[in-house]
Amino acid sequence: MLKVTGVYKTFNPGTINEKKALNGVDLSLAPGDFVTVIGGNGAGKSTIMNMIAGVYPIDEGQIILDGQDISRLPEYKRAKLLGRVFQDPMMGTAAGMEIQENMALAYRRGKPRGLSWGITKAEKKLFREALRTLDLGLEDRMTSKVGLLSGGQRQALTLLMATLQRPQLLLLDEHTAALDPKTAKKVLDLTEELVSRDNLTTLMVTHNMKDAIHVGNRLIMMHEGRIIYDVSGEEKKNLQVKDLLAKFEQVSGGEFANDRMLLA
Amino acid sequence: MSSFFLAIMGAVSQGVLWSVMALGVYITFRLLDIADLSVDGTFALGGVTTAVLIVKGMNPILALVIATLAGMLAGLVTGLLHTKLGIPAILAGILTMISCYSINLRIAGGASNTPLLKADTVMSFLNDLFPALSKTATSLIIGLILTAAVVAFLYWFFGTEMGSALRATGNNERMIRALGVNTDTMKNIGLVISNGFVALSGGVVAQSQKYADVGMGTGTIVIGLASIVIGEVIFGNRFNFAYVLCSVVMGSVLYRIIIAIVLRFNFFTTGDLKLLTAIIVAFALSVPIIKNKVLQKSAGRKGR
Ligand SMILES: Nc1ncnc2c1ncn2[C@@H]1O[C@H](COP(=O)(O)OP(=O)(O)OP(=O)(O)O)[C@@H](O)[C@H]1O
Ligand SMILES: [Mg+2]
């Protein structure tokens, strides 16, 4: 499904701000894999997501998705294959546009935009049904501007939008981190529901170690631009938070002692 | 009193003719979130192109079509400078504006003024049909027909898939790119349509005033912004998109009326207009912040 080989990325090369963000990442996902990604600040988690999505070009390596080499494709051309939800709830929706308009935009992900009407009657019905599954009452506010919604509502909507058109790969970058615990739980439950309903291949970055252990079938840990730990199946299920902490301690010599990961 | 009425009538018809330009500016300023200064150049480009073509014997309607195309081309230049060469939008617009000045002089054969005294215009066509109509009335009727067509077009276009993607580009560029839209293309399309309408407006204004001047575009962007913000302050950003577009047109008319009234005071001369316009724009754009400050203050007083 996804095959990342030898991907390197250095930001601002040759300057005082030079930063090696990825140091040879190899990652292979089978169809239906739901992988949680953990790692300290600056480990390269967001960067690998951005490389897959094409936000920045890669320096070296190859990314193959669904049999297609997407390593050099511009971001907007990869969109057909990818559903994305960002950490910032403001990022995934257009605040000044209506809920149904946002959904219509997402429904056409990766398709050419022509001069036919931007939203059809049939689509409105479809969107209403989809919104009903969120159980947030948004189905009655379809013509409200998205800017009026709360962060949690926006994030739930973004998630729904990302899966409206089945993506080959779903990229979630700390998509519950900016929400209060109760809302975060709701959005995470929704995530699991949508992923299992459509059997989506998923990469989910999280700082919550419990979530990382309990959600998905595989877990990877990143450190200094590399994947340093990769577990799945029974071994992953039997993991304890303290095992992961020990792992962090081991690779970083204790520097994670006051990382926000401890909060989990 | 009757001279005052005539002045207001003239202002209304001017406002309607210029509103096509304001609608063009609305596309870039409000929908794409770009302050596009090329319009100072493309408004004059439209005027000069129309005037020269009419003098050369072209049908005035066809001349407007060519002028619109010229404006669209100039808009594309701004767009490419910005999206392909990475020049900041403001600067890209300034470069096009400056280039247009030279190009307009070339088109006018080096003359800064191209008169249309005896030539056919869209207005003179209408006057031939209805001789009873006054000059102001013909300009107003032409302006209303044109504005209605432009509003209808914009309402339709921004409801389409492409138009929605363009609005989303101005709203949240990262999001719409993640949804597979080439945002560079959208910005180019927006700049092309915008400058096409601005040039069209320059063309009808030239026909209405019976001359074109290479300097006629100076301050266009500010007048466009004034129309938009006056419309927003008076009519609010409510209801549907058609209402918002009409409020831009009304803003353009109100702007002309305000100017006409100000000029009634003998203290002000036409030379003061640009400064007054700038003050109106600065004031109207800062209304939201001033409002907030006032609200905060009164809330603070209540708190104590
Ligand atoms: N656009 C960029 N320009 C320059 N440096 C960047 C850029 N994006 C990321 N970096 C740097 O690359 C490194 C990896 O960043 P990345 O965002 O991938 O970390 P992360 O694992 O997502 O961390 P966090 O948990 O804080 O989100 C960091 O040192 C960061 O400062
Ligand atoms: Mg990150």
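Neighbouring Cβ atoms within 10 Å as the yardstick, rank A:Lys247, A:Lys185, B:Lys291 fewest first.
By the 10 Å Cβ count, ascending, the order reads B:Lys291, A:Lys185, A:Lys247.
With Cβ to Cβ distances under 14 Å as the rule, what net charge do the other residues near B:Leu95 carry (K, R +1; D, E -1)?
-1
I'm checking a number: the convex hull volume of the Cα atoms of the protein assembly as shown, normalised per residue, in Å³. What is it?
Each residue corresponds to 211 Å³ of Cα convex hull volume.
Counting other Cβ atoms within 10 Å of each Cβ, which trypsin sites (Lys or Arg not before Pro) in the range B:86-174 have at most 16 and sit in a DSSP loop?
Taking the range B:86-174 and a limit of 16 other Cβ atoms within 10 Å, the loop trypsin sites (Lys or Arg not before Pro) found are B:Lys118.
Treat the count of other C-beta atoms within 10 Å as a stand-in for reagent exposure and order A:Met161, A:Met1, B:Met21 from fewest to most.
Arranged by neighbour count, lowest to highest, A:Met161, A:Met1, B:Met21 become A:Met1, A:Met161, B:Met21.
At what distance in nm do the modelled label points of A:Lys19 and A:Ser144 sit from each other, each positioned 7 Å from its Cα along Cα→Cβ?
Taking the two extended label points, one gets 3.6 nm.
Pull up the cross-link candidates among the aspartates and glutamates for A:Lys9, meaning alpha carbon to alpha carbon under 15 Å and not fewer than 8 places away within one chain.
Partners found: A:Glu18, A:Asp26, A:Asp59, A:Glu60, A:Glu224.
Given C-alpha coordinates of the range A:89-155, what is the ratio Rg to Rh with the Kirkwood estimate of Rh?
Reported Rg/Rh (Cα atoms, Kirkwood Rh): 0.95.
How about A:Lys125: which lysines have a C-alpha closer than 29 Å to its C-alpha, ignoring those fewer than 8 places off in the same chain?
A:Lys77, A:Lys80, A:Lys111, A:Lys145, A:Lys185, A:Lys186
Quick one: B:Trp18, A:Trp117, B:Trp156, fewest Cβ neighbours within 10 Å first, how do they rank?
Ascending number of Cβ neighbours within 10 Å: B:Trp156, A:Trp117, B:Trp18.
Report the Cα centroid-to-centroid distance between the range B:135-162 and the range B:167-223 in angstrom, as an integer.
For the range B:135-162 versus the range B:167-223, the Cα centre distance is 15 Å.
State, to one decimal in nm, how far the label point of A:Arg128 lies from the label point of B:Val55, with both points 7 Å from Cα in the Cβ direction.
If labels sit at A:Arg128 and B:Val55, their model points lie 6.1 nm apart.
Do you know the relative contact order of the range B:2-219, to the nearest whole percent, from alpha carbon pairs under 8 angstrom that are 6+ apart?
45 percent
For the range A:3-128, take the alpha-carbon Rg, divide it by the Kirkwood Rh, and send me Rg/Rh.
That ratio is 1.03, to two decimals.
For chain A, with equal point scatterers placed on the C-alpha atoms only and solvent neglected, what are the log10 I(q)/I(0) values from the Debye formula at q = 0.13, 0.16 1/Å, to two decimals?
Log10 I(q)/I(0), no solvent term: -0.87, -1.26.
Within the range B:2-219, count lysine pairs with alpha carbon atoms under 24 angstrom apart where the residues are 8 or more positions apart or belong to different chains.
Lysine pairs meeting both conditions in the range B:2-219 amount to 7.
Only the coordinates and a few stated rules stand behind these numbers; no lab work does. No experiment lies behind these values; they were computed from the predicted model shown. Neighbour counts run over all protein chains shown; Cβ positions are idealised from the backbone, glycine included.
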